[in-house]
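> Take this structure first; my questions come after.
Where a number appears in this text, it was derived from the coordinates with a stated rule and is not lab data. If you're wondering where the values come from, they're calculated on a predicted model, not measured in any experiment. Here the Cβ positions follow ideal geometry from the backbone for every residue, glycine too, while neighbour counts run over all protein chains shown.
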Amino acid sequence: MGSEQWAVEATGLVKRYGGRAVLDGLSLRVPRGGVHGLLGPNGSGKTTTIRILLGLARATQGHATILGHDVPRDLPHVIGRVGAIVESPKFAPRMTGRQNLDVLAVSIGQPRRRVMEVLLEVSLVADADRRFGTYSLGMKQRLAIAATLLKSPELLIFDEPTNGLDPVGIHEIRSTMRGLADAGRTVLVSSHILSEVEQIADSMSIIARGRLVAEGSMDDFLRSGTPHVRVVVDDHVRAAEVLRSAGWRVESQDAGLRITSRDGREPDPACVARALGAADLWPRELRADRHSLEQVFLELTADTNLPGGEAA
Ligand SMILES: Nc1ncnc2c1ncn2[C@@H]1O[C@H](COP(=O)(O)OP(=O)(O)OP(=O)(O)O)[C@@H](O)[C@H]1O
């Protein structure tokens, strides 16, 4: 049995299809509780990883545990504590949302009273007696989430659950996932869209080309950017001279200047403004900024888009 500290722990996962490694030594650690984003560009191996964790595919090499149990060896002991959506689940379009879940509850030996409880958790009670076929895509996906909750799982694994949804549907799924985590469950959600993960995740693993390239809490990721001040003035050449002689590091950036301090600390925008004003250089734009998370993500995953960049 593996460590109970992590909801999911994988080390050195390799998955080869033919001669090609789609997972190339991937490691993954999902803390217990909260939402953990598995973020990576299309084709980086997110679905393959999730399929391995759920016993739907077998790793060529490596080791994984779910809630402290080896997979696939001990999956039968733990799968009852896990709910997952990997492919779109099938529901009967002519039956209501509630009837679909009733059938499912009976088939997996859960009491029918669970149906209303899970409909409540995904805010579908008001629409419980409408036919599934009339549901919006967001509602269909929330019913799928409700179905995974029937067994009261501790760990939920959702593979790109907002794919194909409109902004309203995306918002519904996001708040549903947040609510599940706030109620004490662990949610592992994959996405290729940074903003999706950024808005709900407490921690995140970034993967590219079948490998982990970064992991940590969302706060750590957000803090990881380099703090700088961006300035736009009419005379960039003189402004750069003035600011350099005042001790800052200055680079040109997007029709402006990017100012960082030499000791890595956040430059004070008021001091920058004062130095420029004293030299009669009045900024048209001045703002404190950080490297955005998007830049960090693009840099970490950049080489995945190179021609011939696929792992051999
Ligand atoms: N059964 C299979 N046989 C051969 N190649 C496969 C198979 N399943 C996945 N692949 C390949 O493995 C790579 C990783 O696929 P995977 O679906 O895991 O990526 P992903 O990160 O989930 O991508 P997406 O965001 O597009 O869903 C892709 O290049 C895919 O074509």
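> Using a cut-off of 12 Å between beta-carbons, work out the net charge of the residues near L104 (Lys and Arg +1, Asp and Glu -1, L104 not included).
Details: positive: K90, R98, R112, R114, K151; negative: D102.
For residues surrounding L104, the net value is +4.
> For the stretch 159-200, compute Rg over Rh where Rg is the Cα radius of gyration and Rh is the Kirkwood radius from the inverse mean 1/r over Cα pairs.
Working: Rg = 9.9 Å, Rh = 10.5 Å.
Using only Cα positions, Rg/Rh for the stretch 159-200 is 0.94.
> Tell me whether the stretch 51-203 comes out rounded, prolate or oblate; compute the Cα gyration tensor, take square roots of the eigenvalues as a ≥ b ≥ c, and use a/c under 1.5 as the rounded threshold.
Verdict is oblate for the stretch 51-203.
> Could you identify which residue out of A255, A302, A240 has the top mean-square fluctuation in a GNM of the chain using Cα springs shorter than 10 Å?
In this elastic network of the chain, the residue with the biggest mean-square fluctuation among A255, A302, A240 is A255.
> Over all distinct Cα pairs, what is the inverse of the mean 1/r for the stretch 1-136, reported as the Kirkwood hydrodynamic radius in Å?
Working: mean 1/r = 0.0584 Å⁻¹.
The answer is 17.1 Å.
> Sticking with this one: Which value in Å does the Kirkwood hydrodynamic radius of the stretch 133-272 take, with 1/r averaged over all unlike C-alpha pairs and then inverted? Kindly include the intermediate steps, with their values, before the conclusion.
Working: mean 1/r = 0.0535 Å⁻¹.
The answer is 18.7 Å.
> Also, quick follow-up: Note down the net charge around S217, summing +1 for each Lys or Arg and -1 for each Asp or Glu among other residues with Cβ under 13 Å from its Cβ. List each step's numbers first, then the result.
Values: positive: R29, R223; negative: E198, D202, E215, D219, D220.
With Lys, Arg at +1 and Asp, Glu at -1, the net is -3.
> For a quick size check, give me the Cα extents of the stretch 10-81 along its three principal axes, largest first, whole Å.
The Cα atoms of the stretch 10-81 stretch 34, 26, 17 Å along the principal axes, largest first.
> While we're here: Hey, what number do you get for the chain at 222 nm if only DSSP H runs of n ≥ 4 count, each worth -39500 (n - 2.57), divided across all residues, to the nearest 500?
On the way: 11 runs with 103 residues, N = 312.
That comes out to -9500 deg cm²/dmol.
> To the nearest 10 degrees, how steep is helix 236-245 against the longest Cα principal axis of the chain, on a 0 to 90 scale?
90 degrees
> Please compute the Kirkwood hydrodynamic radius over the chain, one decimal place, Å, based on all pairs of different Cα atoms. Display every interim value, and only then the final one.
Details: mean 1/r = 0.0454 Å⁻¹.
Its Kirkwood hydrodynamic radius stands at 22.0 Å.
> Under the rule a/c < 1.5 gives rounded, and otherwise a/b versus b/c splits prolate from oblate, where does the stretch 126-180 land using the Cα gyration tensor? List each step's numbers first, then the result.
Numbers: a/c = 1.89, a/b = 1.18, b/c = 1.59.
In terms of gyration-tensor shape, oblate.
> Could you give the angle, 0 to 90 degrees to the nearest 10, between helix 167-182's Cα long axis and the longest principal axis of the Cα atoms of the chain?
Tilt relative to the chain: about 80 degrees.
> Then there's this: Quick one: net charge of G138's neighbours, Cβ under 12 Å, K/R +1, D/E -1? Don't skip to the end; give the middle numbers.
Values: positive: K140, R142, R174; negative: D127, D166, E172.
My count for the surroundings of G138 gives 0.
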